[in-house]
Amino acid sequence: MTGKEFLNSLANAQSDIVQILLDIIAKTGSPYCVIGGLAVNAYVEPLVSLDVDIVIAVNDVRATCRASERRGLKVEQFEHSVNISSPQSDLRVQLQTDPRYQEFIPRAELKDVLGYKMYVASLDDVLRGKVWAYADQTRRRSKRQKDLADILRIIEIYPQLKAKLPRSLQEELEKD
(Lines give C-alpha, C1' and ligand atoms only; values in the text may rest on other atoms or scores of the structure.)
Protein backbone atom coordinates (compact mmCIF):
# COMPACT_ATOMS: atom_id res chain seq x y z
CA MET A 1 0.00 0.00 0.00
CA THR A 2 1.40 3.40 -0.94
CA GLY A 3 1.46 6.41 1.38
CA LYS A 4 -1.34 8.00 -0.66
CA GLU A 5 -3.46 4.87 -0.43
CA PHE A 6 -2.84 4.63 3.30
CA LEU A 7 -3.79 8.27 3.96
CA ASN A 8 -6.87 8.05 1.77
CA SER A 9 -7.98 4.77 3.37
CA LEU A 10 -7.77 6.41 6.82
CA ALA A 11 -9.77 9.35 5.47
CA ASN A 12 -12.49 7.08 4.06
CA ALA A 13 -11.72 8.82 0.79
CA GLN A 14 -13.59 8.07 -2.37
CA SER A 15 -11.51 10.78 -4.02
CA ASP A 16 -7.99 12.05 -3.36
CA ILE A 17 -8.64 15.60 -2.13
CA VAL A 18 -4.93 16.26 -1.57
CA GLN A 19 -4.08 15.38 -5.16
CA ILE A 20 -7.07 17.34 -6.45
CA LEU A 21 -5.87 20.41 -4.55
CA LEU A 22 -2.26 19.95 -5.68
CA ASP A 23 -3.53 19.72 -9.28
CA ILE A 24 -5.58 22.90 -8.82
CA ILE A 25 -2.57 24.74 -7.40
CA ALA A 26 -0.39 23.52 -10.27
CA LYS A 27 -2.98 24.64 -12.81
CA THR A 28 -3.29 28.11 -11.25
CA GLY A 29 0.50 28.32 -10.99
CA SER A 30 0.27 29.58 -7.44
CA PRO A 31 3.32 29.51 -5.23
CA TYR A 32 2.52 27.55 -2.06
CA CYS A 33 3.93 25.45 0.71
CA VAL A 34 2.61 22.86 3.11
CA ILE A 35 2.86 23.69 6.81
CA GLY A 36 1.58 22.06 9.99
CA GLY A 37 1.67 18.38 10.84
CA LEU A 38 1.99 17.19 7.25
CA ALA A 39 5.07 19.40 6.86
CA VAL A 40 6.53 17.96 10.08
CA ASN A 41 6.13 14.53 8.45
CA ALA A 42 8.48 15.64 5.67
CA TYR A 43 11.32 15.96 8.20
CA VAL A 44 10.66 13.33 10.86
CA GLU A 45 8.99 9.93 11.09
CA PRO A 46 5.42 10.49 9.89
CA LEU A 47 2.30 10.49 12.01
CA VAL A 48 -1.04 10.50 10.28
CA SER A 49 -3.44 13.40 10.65
CA LEU A 50 -6.59 14.21 8.79
CA ASP A 51 -5.57 17.89 8.60
CA VAL A 52 -3.66 19.35 5.67
CA ASP A 53 -2.42 22.93 6.14
CA ILE A 54 -1.26 24.89 3.11
CA VAL A 55 -0.14 28.47 2.52
CA ILE A 56 -0.90 29.86 -0.94
CA ALA A 57 0.36 33.17 -2.29
CA VAL A 58 -2.17 35.70 -1.02
CA ASN A 59 -3.04 36.92 -4.52
CA ASP A 60 -3.95 33.39 -5.63
CA VAL A 61 -6.26 32.31 -2.80
CA ARG A 62 -9.42 33.50 -4.54
CA ALA A 63 -8.54 31.70 -7.80
CA THR A 64 -7.74 28.52 -5.88
CA CYS A 65 -11.08 28.72 -4.07
CA ARG A 66 -13.02 29.20 -7.32
CA ALA A 67 -11.19 26.30 -8.97
CA SER A 68 -11.88 24.14 -5.90
CA GLU A 69 -15.60 24.91 -6.07
CA ARG A 70 -15.63 24.06 -9.80
CA ARG A 71 -14.15 20.65 -8.85
CA GLY A 72 -17.05 20.09 -6.42
CA LEU A 73 -15.19 20.90 -3.22
CA LYS A 74 -16.80 22.83 -0.38
CA VAL A 75 -15.09 26.15 0.42
CA GLU A 76 -15.64 27.98 3.72
CA GLN A 77 -14.01 31.35 4.50
CA PHE A 78 -12.80 32.26 8.01
CA GLU A 79 -10.79 35.15 9.43
CA HIS A 80 -7.32 33.62 8.90
CA SER A 81 -8.09 30.57 6.82
CA VAL A 82 -10.15 28.98 4.10
CA ASN A 83 -11.32 25.42 4.70
CA ILE A 84 -11.72 23.12 1.72
CA SER A 85 -13.45 19.79 2.08
CA SER A 86 -15.21 17.09 0.14
CA PRO A 87 -18.09 14.82 1.08
CA GLN A 88 -15.93 12.07 -0.44
CA SER A 89 -13.12 12.39 2.12
CA ASP A 90 -12.65 12.98 5.83
CA LEU A 91 -9.46 14.95 5.15
CA ARG A 92 -9.70 18.63 6.09
CA VAL A 93 -7.67 21.09 4.03
CA GLN A 94 -7.00 24.50 5.48
CA LEU A 95 -5.54 27.30 3.39
CA GLN A 96 -3.77 29.44 5.96
CA THR A 97 -4.27 33.14 5.17
CA ASP A 98 -2.46 34.54 8.23
CA PRO A 99 0.04 36.92 6.56
CA ARG A 100 2.93 35.71 8.76
CA TYR A 101 3.10 32.49 6.75
CA GLN A 102 3.55 34.18 3.35
CA GLU A 103 7.30 34.51 3.94
CA PHE A 104 7.55 30.70 4.16
CA ILE A 105 6.68 30.21 0.49
CA PRO A 106 9.97 31.34 -1.12
CA ARG A 107 11.99 29.04 1.17
CA ALA A 108 9.84 25.96 0.54
CA GLU A 109 11.45 22.77 -0.73
CA LEU A 110 9.99 20.11 -3.02
CA LYS A 111 9.57 16.95 -0.94
CA ASP A 112 7.86 13.59 -1.12
CA VAL A 113 5.38 13.34 1.74
CA LEU A 114 3.29 10.17 2.01
CA GLY A 115 3.64 9.69 -1.75
CA TYR A 116 2.77 13.28 -2.72
CA LYS A 117 5.32 15.56 -4.38
CA MET A 118 4.70 18.94 -2.79
CA TYR A 119 6.43 22.10 -1.68
CA VAL A 120 6.99 22.00 2.06
CA ALA A 121 8.03 24.89 4.28
CA SER A 122 11.68 24.77 5.33
CA LEU A 123 12.40 22.96 8.58
CA ASP A 124 13.07 26.25 10.40
CA ASP A 125 9.76 27.65 9.12
CA VAL A 126 7.83 24.50 10.06
CA LEU A 127 9.22 24.78 13.58
CA ARG A 128 8.39 28.51 13.73
CA GLY A 129 4.82 27.83 12.59
CA LYS A 130 4.42 25.13 15.21
CA VAL A 131 5.69 27.50 17.92
CA TRP A 132 3.17 30.15 16.77
CA ALA A 133 0.37 27.58 16.87
CA TYR A 134 1.39 26.29 20.30
CA ALA A 135 1.57 29.83 21.69
CA ASP A 136 -1.93 30.70 20.44
CA GLN A 137 -4.04 30.52 23.58
CA THR A 138 -7.26 30.70 21.53
CA ARG A 139 -6.62 27.23 20.07
CA ARG A 140 -8.12 24.18 21.70
CA ARG A 141 -5.86 22.63 24.31
CA SER A 142 -5.77 19.32 22.42
CA LYS A 143 -4.55 21.11 19.27
CA ARG A 144 -1.88 22.95 21.25
CA GLN A 145 -0.71 19.65 22.78
CA LYS A 146 -0.37 18.19 19.28
CA ASP A 147 1.66 21.26 18.28
CA LEU A 148 3.92 20.70 21.31
CA ALA A 149 4.32 17.03 20.36
CA ASP A 150 5.29 18.09 16.82
CA ILE A 151 7.85 20.53 18.26
CA LEU A 152 9.28 17.71 20.37
CA ARG A 153 9.39 15.37 17.36
CA ILE A 154 11.45 17.95 15.48
CA ILE A 155 13.78 18.73 18.41
CA GLU A 156 14.46 15.03 19.02
CA ILE A 157 15.76 14.59 15.47
CA TYR A 158 17.30 18.08 15.12
CA PRO A 159 18.45 19.01 18.67
CA GLN A 160 20.36 22.04 17.37
CA LEU A 161 16.98 23.69 16.66
CA LYS A 162 16.11 23.82 20.34
CA ALA A 163 18.10 27.06 20.55
CA LYS A 164 15.63 28.65 18.12
CA LEU A 165 12.72 28.13 20.50
CA PRO A 166 11.55 30.94 22.77
CA ARG A 167 13.32 30.74 26.13
CA SER A 168 10.05 30.03 27.97
CA LEU A 169 9.38 27.02 25.71
CA GLN A 170 12.96 25.77 26.14
CA GLU A 171 12.47 25.91 29.91
CA GLU A 172 9.14 24.12 29.64
CA LEU A 173 10.74 21.32 27.62
CA GLU A 174 13.58 20.98 30.14
CA LYS A 175 11.08 20.21 32.95
CA ASP A 176 10.47 16.72 31.61
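Assorted remarks:
- Of all residues in segment 115-132, exactly one satisfies the criterion of being modelled with pLDDT under 95 and closer than 28 Å to ARG62 by Cβ, namely TYR116.
- Put simply, of LEU73, LEU110, LEU50, LEU7 the only residue that is over 28 Å from ILE154 (Cα atoms) and of a type outside the set (Asp, Glu) is LEU73.
- Residue in segment 119-129 that is under 19 Å from LEU47 (Cα atoms), of a type in the set (Ser, Thr, Tyr) and touching an Asp or Glu at 6+ places or on another chain (Cβ under 8 Å) present: yes
- Verdict on TYR158 being surrounded by 11 or more Cβ atoms within 10 Å (Cβ to Cβ), touching a Leu at 6+ places or on another chain (Cβ under 6 Å) and in contact (Cβ under 8 Å) with a residue 24 or more places away in the chain: no
- With a requirement of 2 or more residues that are of a type in the set (Ser, Thr, Tyr) and surrounded by 19 or more Cβ atoms within 10 Å (Cβ to Cβ), the helices (runs of 4 or more DSSP H) lying completely within segment 5-75 that satisfy it span 61-70.
- Here ASP112 meets each of (1) farther than 30 Å from ASP16 by Cβ; (2) out of contact with any Pro (no Cβ under 8 Å at 6 or more places or on another chain) with one exception, condition (1).
- Residues of segment 91-114 that turn out to be crowded, with 16+ Cβ neighbours inside 10 Å and assigned to a loop (DSSP other than H, G, I, E, B), as a count: 3
The values are calculated or read from the model by the stated rules, or taken from the named source; none is laboratory data. Owing to the predicted nature of the structure, the values given are computational and were not obtained by experimental measurement. A quick note on method: Cβ atoms are made from the backbone with ideal geometry, for glycine too, and the neighbour counts reach across all protein chains shown.
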